[in-house]
1. Before we move on, is A:Val98 part of a helix (DSSP H, G or I), among the β-branched types (Val, Ile, Thr) and without any contact (Cβ under 8 Å) to a residue 24 or more places away in the chain?
2. Filter the stretch A:128-173 down to the residues that are at pLDDT below 95 and not in a helix (DSSP H, G or I), then identify the one that is surrounded by the fewest Cβ atoms within 10 Å (Cβ to Cβ).
3. Would you mind listing the helices (runs of 4 or more DSSP H) fully within the stretch B:149-226 where at least 2 residues are charged (D, E, K, R)?
4. Do you know which residues across the stretch A:211-255 are of a type in the set (Val, Ile, Thr), within 14 Å of chain B (Cβ to nearest Cβ) and either surrounded by 23 or more Cβ atoms within 10 Å (Cβ to Cβ) or in contact with a Pro (Cβ under 7 Å, 6 or more places away or on another chain) (or both)?
5. Identify, by number, the condition in (1) touching a residue at least 12 places away in the same chain (Cβ under 8 Å); (2) in a helix (DSSP H, G or I); (3) more than 14 Å from chain B (Cβ to nearest Cβ) that A:Leu82 doesn't meet.
6. With A:Ala139, A:Ala147 as the choices, which residue is of a type in the set (Gly, Ala, Ser), over 30 Å from B:Pro64 (Cβ atoms), within 13 Å of chain B (Cβ to nearest Cβ) and under 20 Å from the mean Cα position of the chain (by Cα)?
7. How about the stretch B:64-114: which of its residues are more than 8 Å from chain A (Cβ to nearest Cβ), in a loop (DSSP other than H, G, I, E, B) and farther than 27 Å from A:Leu146 by Cβ?
8. Looking only at the stretch B:94-142, filter to residues that are of a type in the set (Asp, Glu) and crowded, with 19+ Cβ neighbours inside 10 Å; which one of those is farthest from B:Gln73 (Cα to Cα)?
Amino acid sequence: MIEWLTDPLSQRIVVRAIVELTLLGVVSGALGCWIVLSGRSYSAESLAHAMLPGLVAAALLGVPLLLGGAVGLLVGAVLIGLVGRVPRLDDDVAVSVVITSLFGLGVLLGLAPEVPAGLNGILFGDLLGITDLDIALAAGLAVVALAVLTVLHPSLVAVGFDRLNARALGRSPVGFDVVLAVLLAAATLVAVQALGNLLVVAMLVGPAATARLLTRRIVPMMVVATTVAAGASVAGLYLSYHAKVAAGASVALTLVALYVLALVARVITDASGPQTARTARA
Amino acid sequence: MLADADDVAASYPGAVMPAVASLTFAARAGERTAVLGPNGGGKTTLFRLLTGELSPSSGRLALPAGRVALVPQTERSRLDYPVSALDVALMGAVSRMPWWRRPSRADRELAREALGRVGLADRASATFGDLSGGQRQRVLVARALVQDAPLVLLDEPFSGLDAPSAERLDALLNELAAEGRGLLMATHDIEQARAWDLVLCLNRVQIAFGPPASALTLEVIERTYGTALVPLDGSGRTVLPPHHHAHEHGRP
């Protein structure tokens with residue numbers, strides 16, 4: 001049993017993957033709560049998909065994926081802004097059109113024989129290819145994101161609750177949006193190397209959605225989401241090591257499995273103890 | 001003087017006509033002003049002007065040196081948000097702090113006191129969405145108390161409340177006015193407006209402003225509500241037919 005736990009740790013690449021996943025889990029768990037609470041899961045997914053052509057182009061050109069992803073994000077944002085200006089086109093239609101086009105373009109580029117890492121690595125991440133630079137970036141992101149979320153916590157809570165009246169409280173809803181969008185873009189960029197373009201969303205949304213089901217206050221929700229994100233990803237990594245399956249995919253599946261478990265637990269407790277919510281409303 | 005408007009108009013981007021125009025009124029400490037008007041008549045726009053969310057497109061608007069607090073319709077507040085009644089009351093403290101500060105122990109104490117004043121001390125740790133409509137409305141008043149603004153705007157605070165909740169809220173609002181706060185309440189209820197100190201009638205322009213006894217004439221009511229008004233046979237009085245709110249009704 002103890003070998004089951006210690007065996008993977010004898011390999012340096014696994015230890016790096018664990019450190020990287022823990023750091024990303026802490027950021028995704030905390031940030032993901034704001035994404036879920038403000039109903040931005042779709043934006044988070046769109047953002048990740050929009051940068052695929054940039055990532056593939058970076059792989060083709062031999063420049064860092066981070067740079068390609070950043071350019072991809074910018075192009076995606078500008079395109080969504082432009083398409084959104086077409087009369088009689090709703091914003092979410094604009095987002096869908098741009099994102100699917102960009103994603104398709106990315107896949108098309110990714111199938112070119114010149115792409116060194118192959119499409120797989122970009123879509124599903126390369127958890128066992130984590131470098132010291134990746135870890136340093138993830139650690140930097142964790143420090144900055146947690147500092148921002150901690151300092152701004154009272155304002156985020158107030159604006160998230162009552163966006164229409166944020167002005168009356170001396171806060172700007174646009175500021176709220178900008179802070180979340182910048183943190184989300186930074187987290188997506190830093191996490192894409194490890195988790196891949198498709199799985200990064202599972203890490204950002206899954207743990208927060210799980211925590212939403214299990215808690216009734218924001219700070220406990222963030223603590224649970226962070227724990228779930230870091231714990232489930234390390235568990236997924238062990239699963240992949242022993243079952244010899246793809247690392248990123250088993251991390252994502254573990255996150256989803258925990259969500260389903262939480263959902264079942266919530267349904268059972270709601271069915272057996274309705275008095276907490278309903279009779280209190282008298 | 002808490003707010004002083006002189007021929008103020010406000011427009012939304014892209015709109016040809018101003019959303020509201022010819023606003024000339026004053027709000028003073030201790031005065032309760034009912035704002036009457038149909039849906040789309042400019043009540044919400046007026047509130048946006050007063051909270052600073054919208055700037056006048058013309059005219060002159062003087063606002064209090066302190067802050068303006070807004071008590072929104074509880075039917076529009078988020079019931080799924082994971083916060084307690086105390087958390088919501090504490091949000092009022094945010095308006096008095098720079099963005100990097102956190103609420104202090106004293107702020108929490110203030111929030112508890114405010115919940116006590118609105119009669120909800122025992123519900124401080126209840127989840128906001130689990131409270132009744134009347135309780136939620138009072139929590140939002142507590143938030144305005146923590147904000148400690150001299151001018152309090154209330155957006156249809158009585159809509160959806162049962163009679164005991166409405167009486168309780170009415171007493172609370174009278175108390176707030178008695179201690180020197182100015183209140184501005186958007187309402188559809190003409191009878192309720194008659195009981196307040198002043199009325200401000202809006203229908204995209206200001207129709208009237210003054211004490212209800214002199215300002216609320218039949219002509220003013222007709223111009224405020226247009227064709228929506230139905231005369232009652234023989235009594236000389238008029239009523240509004242049941243109107244459709246632009247928003248969805250939540251729980252009672």
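1. No; evaluated as a whole, the condition is false for this residue.
2. That would be A:Thr131.
3. Ranges flagged: B:163-178, B:190-194, B:218-225.
4. A:Thr215, A:Ile218, listed by residue number.
5. Of (1) touching a residue at least 12 places away in the same chain (Cβ under 8 Å); (2) in a helix (DSSP H, G or I); (3) more than 14 Å from chain B (Cβ to nearest Cβ), only one is false for A:Leu82: (1).
6. It is A:Ala147.
7. B:Pro64, B:Ala65, B:Gly66, B:Gln73, B:Leu79
8. Ranking the qualifying residues of the stretch B:94-142, first place goes to B:Asp107.
The values are calculated or read from the model by the stated rules, or taken from the named source; none is laboratory data. Please read all numbers here as calculations on a predicted model, not as lab measurements. Here Cβ is always computed from backbone atoms with ideal geometry, including for glycine, and neighbour counts include all displayed protein chains.
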